Amino acid sequence: MTYEYIAVERHDRVGLIKLDRPEALNALCVGLIDELGRAVSEFEADDTIGCMVVTGSEKAFAAGADIKEMVGKDFQAAYREDFITDDWEVLAKTRKPVIAAVAGYALGGGCEVAMMCDFIIAADTAKFGQPEITIGTIPGAGGTQRLTHLIGKAKAMDMCLTGRMMDAEEAERSGLVSRVVPAAELMDEVLAAAKKIAGFSLPVTMIAKESVDRAYETTLSEGLRFERRVFHSTFALEDRREGMTAFVEKRKPDWKHR
Ligand code: CO8
């Protein structure tokens, strides 16, 4: 498949999606979001892929939704199109693990796309923000919701009401990102993590992801019940038997379902 706004690579069992619209700092135009959704769906359906990575450039992961595309839109059009469309949710709904590798600006929709991934590894140059307030609107793809889950009310209010940016160190301290690495090492670090995930049994990584996600959507008691049930379900897997047997026999597991 050929793309105009993204580039797609395969690194062993890792599917890498690079946002590639440098002239607009990867601003998320409709075409880019459509291509991102198609690439994610393609990797989701591909049995040779066990983990995905979404990244941008050294200067910008993405500087937000495309303001030039939005400037002329009225309420009627936004409402009728249900803007943001489902295309934005493809990434959030994919069942395989996805890591965001963020360097430079991750603003507005860019920060929201990063938060749709399962976790974020940031370069020390990363800057996160929800600056929508500065252009007369509010976040529309999770910036008031996922951000609040991740960093808590005080910080989320600060970000959404002032529009200020948060650097990588503060983002790690606040729980928005899982690790910060020197910019030059970002892709090596992320690909190593992604290859590690892709090397495990795929049904088990998918079950682990589904279970962690449950913590954001339900009560603790329901989440614990869900976790217990899916934990039990792993005992139906050949790979659960293989993993434990390999440990007991002091050898590496030979996963059947990757
Ligand atoms: N949309 C469109 N074009 C953009 C965007 C954007 N979000 N960001 C940057 N660009 C363009 C600039 O217009 C410029 O193009 P040109 O050279 O043709 O004028 C080019 O990218 C380079 O940008 P700058 O010259 O501004 O670069 P600087 O290094 O001086 O500044 C900044 C970098 C600070 C990132 C600056 O570009 C900026 O503030 N950008 C806008 C950030 C912003 O407000 N983002 C939020 C957008 S709203 C949003 O995301 C709502 C999400 C709702 C959900 C999604 C719904 C679809």
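Loop-located trypsin sites (Lys or Arg not before Pro) in the stretch 54-148 (DSSP state other than H, G, I, E, B) with a sparse environment of at most 14 neighbouring Cβ atoms within 10 Å: LYS59, LYS73, ARG95. If you run the Gaussian network model on the chain, springs between alpha carbon atoms under 10 Å, then out of ALA126, ALA184, ALA27 the most flexible one is ALA184.
Computed in the context of the full set of protein chains, the accessible area of the chain at 1.4 Å probe radius has 55% of its extent on carbon or sulfur.
Past 27 Å, Cα to Cα, is the threshold; run LYS73/LYS209; LYS93/LYS153; LYS73/LYS155; LYS59/LYS195 against it and keep the listed order. Working shown, then result.
Working: LYS73/LYS209 37 Å; LYS93/LYS153 24 Å; LYS73/LYS155 30 Å; LYS59/LYS195 25 Å.
Over 27 Å Cα-Cα: LYS73/LYS209; LYS73/LYS155.
For the chain, the mean residue ellipticity at 222 nm estimated from helices alone is -13000 deg cm²/dmol, where every DSSP H run of n ≥ 4 contributes -39500 (n - 2.57) and the total is divided by all residues, rounded to the nearest 500.
PHE226 to GLU23: FRET efficiency via 1/(1 + (r/R0)^6), r the Cβ-Cβ distance, R0 35 Å, to the nearest 0.05? Approximately 0.20, to the nearest 0.05.
Note on THR148: accessible area approximately 50 square angstrom, rounded to 10, probe 1.4 Å, nucleic acids and ligands left out.
Using only Cα atoms, what Kirkwood radius does the chain have, in angstroms?
The answer is 19.2 Å.
Once the chain from LYS196 to GLU42 is taken as fully extended at 0.36 nm per residue, the excess over their C-alpha distance is 53.4 nm.
Taking only protein heavy atoms and a 1.4 Å probe, what accessible area per residue, in Å², does the chain have with all protein chains in place? Let's see the in-between values first.
Numbers: 13950 Å² over 258 residues.
Value returned for the chain: 54 Å² of accessible area per residue.
Loop sites by DSSP among the chymotrypsin sites (Phe, Trp or Tyr not before Pro) of the chain, restricted to those with at most 12 other Cβ atoms within 10 angstrom, leave 1-215 as the longest stretch without any of them. Solvent-accessible surface (1.4 Å probe) assigned to ILE138 amounts to roughly 110 Å².
The values are calculated or read from the model by the stated rules, or taken from the named source; none is laboratory data. Quick caveat: nothing in here was measured; it's all calculated off a predicted structure. Positions of Cβ are backbone-derived with ideal geometry, glycine not excepted, and every protein chain shown enters the neighbour counts. With ligands, DNA and RNA removed, areas are computed over all heavy atoms of the protein, side chains included. Shrake-Rupley method; radii C 1.70, N 1.55, O 1.52, S 1.80 Å.
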